[in-house]
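Please treat every number below as a calculation from the coordinates, not as lab data. All of these numbers come straight from a predicted model, not from anything done at the bench. Positions of Cβ are backbone-derived with ideal geometry, glycine not excepted, and every protein chain shown enters the neighbour counts.
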């Protein structure tokens, strides 16, 4: 049983608390929020947890193994640093930190302390993303050719972070998770827009060149009356389409039905009037709350003294792409090489 | 009755010939192809048309009012020029020409000759694009905020043109057609990829900044076993979703359901768990072949001595964006201002 | 605050208990199950509730206002009778009882005791069914012409009740709820099948003639690897399509777009090649757990001393149709008039 | 080359004529209609065909091999009889005739004359129905358990035939075509409704018990502003879902994912919250006009002196079910055994 404190009782914290409380592998010990009432409202549902607005109470509690941090991004680094220094394992809501520098410092500190630093890349713990990762990494889809995500949220203009920092961490953490180990982002170009004049980008396009010649792209958007969450992952043998708003058929696997060498053999005309070339398979996927799996991976990786599936380094790689996108936006969309962001040897 | 000759009997030419032959407003007089057999095979279905492999026969035929050109792009300019000089109105398959310079020369020549030069932007003549144009231009969607197209074709790697020149003309001609008159493309950034090493880009991302602060984007892709043709057009009041592969519900109009001023009033939480904010309307749209409308607009605009809906200038604007995209690709995605492509006063 | 005891801790009981415990309008006081362990497992999550395997403890508890019964159908009547006699209001899982006679006796007893008897017709408390009821009863759809439901469950062959008694109560309670008050079922014909030889019908078709000349039908089916839950409700002006497995667009309202008088005016040919005649509207519907609304209606109707929305009489009307269906099945599908089932004056 | 005359130039005749004219296996020789102008309008597109309003001209023409009949149902028997007596093979639009007696007489006459009598069950010649037949007859779906079709047409109230005779021949011919040879309809129950008071049934439900214990059903409906054409075919191993209005995914094959013996092993609870049990495959199907295949089967079966795929006997079996449905409707839905309709030895 891993004992866990939750810091931050806003939107995500209560979900973390509930999953920690209900799991057989974890025990919820503290809920901490600067707003003590808010912490208490969350704690009421979970009798066993103590409530505080003072982080040091948690740091001083020798019985606490790990801390789950769900506070505003700007505060991640300071809180996580304090926890790591106090010998606590850390699970941190995405994005890992507010900058590459902060993130890198956390990764380094965790390593030197021999503690687990895990980034809560929740989507990576869904059945559908797990399946996509398997299909990509096993070579089932052939060589990866492209990745395209349209992520349109009923999005609320936020005052602190723009649409890139709000939504892209989802796509970037998924991309990082499913990419074969030999394929890495090379350069990033980005353009954003603020057509309503709210002061920060509400629409963004992020294009990432990958080391194997493939191209990844994400359309990030807050300004819509309806959600869209569609990701396509193309390979030389199969193409995956993931529609997260269609629970009865989240994942569709399109079979090319032809060898790539024969591709020219199909007449252009025939292809122009067809809908598709091969069969499509929609695999059966279990439903279930991804955050439960996050919490259990945190507990298991601590118990087994191993690196969690989405560690601090994964969170740092996401920050590097975000930083490159920031710099590209400032340069009219020019591609920024990722090795300009952070020295390769440090990664 | 406008008499029309068709030049080019490959993929598109026979469709043009059929529509010209069947319309009450046009008469098919010639079919011309360098390959006389191919021309004859097409002509066989349309008894009234003569067949030739010599363009000059058409140019010399005083009874021919207009020429519809469906030859490879590289030959557009020379053939169209000859036709215009011979006093024929010209309908030309998209893209208008192989370069901005060629296109601009054609536009100028047509103007000086007092002849109609029409670009066959076929999609602009579908019921769904007509409705989108109405909804955007009437202000029904509010202010235009974004435009995003995913156009994945069962695409056949072609030897002469890359995926930008093959597919983007569809999106660019539609964008040009539906944009309010006061809103124009300002700059273009593009990145392409050739992950199979075929020698030209098979995947492309094109991002266009618009003069009102909105952002347009097109994902162009040949490398898929299934087609995707989804376009979303976002406004401050409504969002349009067009799925061209879903004939029973091509167009969905999502109502914001809230005033933009109240947007903050919705709690972030509530929006995060909802699918959408307001009602959706899927208007009834007539089915019908767009090319029939193209042919009739060509005939009508000649008969009424007016500029056709998609004239040479529209075709030229598409070429300008393509040229900017070429230049941006060569500059690692850096945005290229459209006024660098072609002097504004010339347009 | 209405105090409620839950009897039955199998599949549905814990859901009832949770909603009763979490609502501000109700207080969960007892959980009763013959299997005390099972009751205790449920009770553990809701500290305030006592646990028992002896119904009389609840009956004797003067502080208990109402009892929610979620036991096997065969036991409904006896338990509900005991509760009503002890002066408790009763909420009872559908179907109300195992026979019309049992159901009628319960309705009569509740009335004579001046207590509320409510049937838990859960679907009637979803936003989508509420909207359908509004659209039908307001005359928005015009005159009701047909109602057709396909309800295919991942169904587990059950040993106690067949597919009619398992699934039809959903459709029959919804039909009862949305029908205009002037329209009532008149006769029922039914055919079932047991193609796997399990001993009771696993597939059923139920056809109901309505008093206004309309026809209702339900296809009930356990034998499928995928769920289907599609209901169409046709009127002279609009047709409603409800697909409950498509959360982003549960309800589609198809507009006839033509007056019924003009119906002949459309050429048959044109209609044969079209997908639809008028616009379609998919209204925005709030998500939310229907059972919460059930529990609150139970509490509210008690507090306000009024008949609940789905009272015992509604549950009895469902039983009458089920009884007629049983008799029709036994008569090779011959229609059974509902006034043969139960004397009209008694209803 | 089989020479064919078309009789009837209304809605379906011109489609037959076009396919006969364009096929390499047939030659269109005559178009006959009582309305000579209508015949001429059709003939104009097909230069080689002669036009007449006198059937005897065709009967007397020794060069005519076969006659395709697309006249009102009431006239089928007389025209077909004349053609068969004149030694012509006959292709006849569904339904084969206006009664079982008429149909049986035609079948007998064709047999005694040694001529082919083919029923134009067009849907049987689509790729999707062919695939369904293969999946059912090969045992791929396991034992057939149920068949359910919802066929809602933008339907025009017709004066001559009701919704059963208009739409059910589609479903009945498909059912007849896909059923394993050992499985046959046993009894039929039907109920219809005419809620608008137009004088004949506009809505119908047809339930057919099959000889293996399975149940088939069709919902037939004219009164809707939108089309629905969904058919599900359930087997013990797989379930097929055919949505004919979704061209990009007409057929979905749901895999049970479990042996039927293990069915009980899945907890009821788990099944209640899941969408489906196993994978789904949507096979790639070629597009193409079914009527082309009809015409070619007619020609091929004549040339090869073999029974066509959908012969007169198939047409007759459809009539028998329609007759049983008529009788059941007249008997308040009571099931009518098919061997009451027509003596088994005659079939």
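Side notes on the structure shown:
- Relative contact order of chain D, pairs being alpha-carbon contacts under 8 Å that are 6 or more residues apart, as %: 19
- Note on A:146-152: average number of Cβ atoms from other chains within 10 Å of each residue's Cβ is 4.
- Backbone N under 15 Å from the residue C:112 label point (7 Å along Cα→Cβ), restricted to the range C:47-85: C:81-85
- Using the Cβ-Cβ distance between residue C:60 and residue A:41 with R0 = 41 Å, the FRET efficiency computed as 1/(1 + (r/R0)^6) comes to roughly 0.65.
- With bins 5 Å wide beginning at 0, the percent of Cα pairs of the range A:137-212 falling in each bin runs 3, 13, 23, 22, 14, 11, 7, 4, 2, 0.
- For the rotational copy relationship between B and A, the axis lies nearest to a chain B beta carbon, identified with its distance in whole angstrom as B:334, 2.
- DSSP assigns beta bridges within the protein assembly as shown; of those with both partners inside it, close to 60 percent run antiparallel.
- Direction-averaged projected area, Cα convex hull, the range C:5-108: 6.0 nm², rounded to one decimal.
- Crossing angle, helix B:312-330 versus chain B [Cα axis fit, 0-90 degrees, rounded to tens]: 60
- Shielding score for C:224-237, defined as the mean number of other chain Cβ atoms within 10 Å: 6
- Computed across the protein assembly as shown, the Kirkwood hydrodynamic radius from all distinct Cα-Cα pairs reaches 35.0 Å.
- Pseudo-label separations to other copies for residue B:247 - Cα-to-Cβ vector, 7 Å, nm: 0.4, 3.3, 3.3
- Annotation: the residues C:289, B:181, sorted from fewest to most other C-beta atoms within 10 Å of their own C-beta, follow the order B:181, C:289.
- The range C:38-67 and the range A:14-73 have Cα centres lying 31 Å from one another.
- Reduced Cα scattering model of the range C:102-145, Debye log10 I(q)/I(0), q = 0.31 Å⁻¹: -1.00
- Note: the range B:61-209, Cα convex hull, 149 Å³ per residue.
- Between identical copies, the spacing of residue C:182 label points, each set 7 Å from Cα toward the C-beta atom, reads 5.2, 5.5, 7.5 nm from nearest to farthest.
- Estimated inter-spin distance, residue A:289 and residue C:1, nm [label 7 Å along Cα→Cβ]: 2.6
- Virtual paramagnetic centre 7 Å along Cα→Cβ of residue B:212, amide N under 14 Å, in the range B:299-335: none
- Computed over the range C:58-199, relative contact order equals 19 percent, with contacts defined as Cα pairs under 8 Å that lie 6+ residues apart.
- Where labels lie 7 Å past Cα in the beta-carbon direction, separation of residue B:34 and residue A:198 in nm: 5.5
- To the nearest ten degrees, helix A:73-85 and the longest principal axis of the Cα atoms of chain A are 60 degrees apart.
- Cα-based Rg / Dmax (Å) for chain A: 21.2, 72
- Spin-label model distance (nm) - residue A:11 vs residue A:181, 7 Å beyond Cα toward Cβ: 3.6
- Both the radius of gyration and Dmax for the range B:172-257 are 15.2, 48 Å, in that order, over alpha-carbon atoms.
- Neighbour-count ranking [beta-carbon atoms within 10 angstrom, fewest first] of C:6, C:183, C:129: C:183, C:129, C:6
- Exam field: residue A:54 pseudo-label spacings to other copies (7 Å along Cα-Cβ), nanometres: 5.0, 10.3, 11.4
- Helix A:127-137 and the longest principal axis of the C-alpha atoms of chain A enclose an angle of approximately 50°.
- Packing here is the average count of other Cβ atoms within 10 Å per residue, and on that basis the peptides A:51-59, A:248-256, C:166-174, highest first, run C:166-174, A:248-256, A:51-59.
- Over all distinct Cα-Cα pairs of the range B:275-346, the Kirkwood formula returns a hydrodynamic radius of 16.2 Å.
- 222 nm mean residue ellipticity, helices alone, for the protein assembly as shown (DSSP H n ≥ 4; -39,500 (n - 2.57); rounded to 500): -10500 deg cm²/dmol
- Separation of the range B:305-335 and the range C:85-155, taken as the distance between their Cα centroids, equals 63 angstrom.
- Pairwise Cα distances in the range A:212-260 exceed 16 Å for 55 percent of all pairs.
- Rg and Dmax, both from the Cα atoms of the range D:86-125 and both in Å, are 10.4, 29.
- Cα-only Debye scattering, the range A:53-95: base-10 log of I(q)/I(0) at q = 0.17 Å⁻¹: -0.40
- Residues residue B:50 and residue D:53, FRET efficiency given R0 of 35 Å [Cβ-Cβ distance, rounded to 0.05]: 0.45
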